[in-house]
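Each remark here refers to the structure printed beneath this line.
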Amino acid sequence: MTDPLIPAWFAIPVAAVFGALIGSFLNVVIWRVPQGMSIVRPGSACPHCGHAIAWYDNLPMLSYLILRGRCRRCGARISLRYPAVELLTALAFAGVVAGAYGAVYPAAILPLLLYWAAAGIALALIDLDHHRRPT
Ligand SMILES: [Zn+2]
């Protein structure tokens with residue numbers, strides 16, 4: 001990107017935070033889509049005790065660390081996969097945006113590349129879980 005409107009030192013960390021949030025959503029997609037469940041409702045709940053997860057317990061990676069990988073109410077273990085998917089998506093988004101600043105490709109195709117990164121992560125994990133991809 002020549003003479004970018006937004007400096008790289010700002011855009012790349014913002015892309016990482018955005019990626020972590022998208023990663024949190026991908027966890028929902030990876031879990032629910034193969035089961036034919038809605039990705040909108042109901043909200044996230046502990047699979048062990050059914051306790052609804054509050055927004056402050058659903059912050060990408062941070063909540064996992066704060067809760068030490070356990071449900072706030074029942075103490076059941078939360079899979080390490082959730083923060084791992086969030087971290088992977090954060091790194092992927094930061095890398096894609098860094099690539100645009102490194103002029104590896106034009107910035108105009110960033111939305112497409114970010115979409116592919118997110119879809120690729122979701123499809124790879126659904127395939128890993130079920131050995132099939134949703135059609
Ligand atoms: Zn629980």
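Has the range 54-67 got at least one residue that is surrounded by 12 or more Cβ atoms within 10 Å (Cβ to Cβ), in a helix (DSSP H, G or I), small (Gly, Ala, Ser) and out of contact with any Leu (no Cβ under 7 Å at 6 or more places or on another chain)? Looking for residues that are surrounded by 12 or more Cβ atoms within 10 Å (Cβ to Cβ), in a helix (DSSP H, G or I), small (Gly, Ala, Ser) and out of contact with any Leu (no Cβ under 7 Å at 6 or more places or on another chain), one finds at least one in the range 54-67, hence yes. The listed residues are Val104, Val33, and the only one of them that is modelled with pLDDT under 95, more than 16 Å from the ligand (Cβ to nearest atom), assigned to a loop (DSSP other than H, G, I, E, B) and open to solvent by 40 Å² or more (accessible area, probe 1.4 Å) turns out to be Val104. Among all residues of the range 83-90, there is at least one that is within 19 Å of Phe18 (Cβ to Cβ), touching a Gly at 6+ places or on another chain (Cβ under 6 Å) and small (Gly, Ala, Ser). If only residues of the range 68-97 that are hydroxyl-bearing (Ser, Thr, Tyr) and surrounded by 14 or more Cβ atoms within 10 Å (Cβ to Cβ) are counted, the one that is farthest from Pro13 (Cα to Cα) is Tyr82. Report yes if Ile22 is under 18 Å from Leu110 (Cβ atoms), open to solvent by 30 Å² or more (accessible area, probe 1.4 Å) and part of a helix (DSSP H, G or I), otherwise no. Yes.
A search for C-beta distances below 7 Å between a residue of the range 26-51 that is over 20 Å from Cys71 (Cα atoms) and any residue that is of a type outside the set (A, V, I, L, M, F, W, C) and in a loop (DSSP other than H, G, I, E, B), counting only pairs 6+ apart in sequence or on different chains, returns Val33/Pro134; Pro34/Pro134.
The values are calculated or read from the model by the stated rules, or taken from the named source; none is laboratory data. Because the structure is a prediction, the values reported are computed rather than measured. Every residue, glycine among them, receives a Cβ derived from its backbone with ideal geometry; neighbour counts consider all protein chains shown. Please note that ligands, DNA and RNA were not included when accessible areas were found on the heavy atoms of the full protein model with its side chains. Shrake-Rupley method; radii C 1.70, N 1.55, O 1.52, S 1.80 Å.
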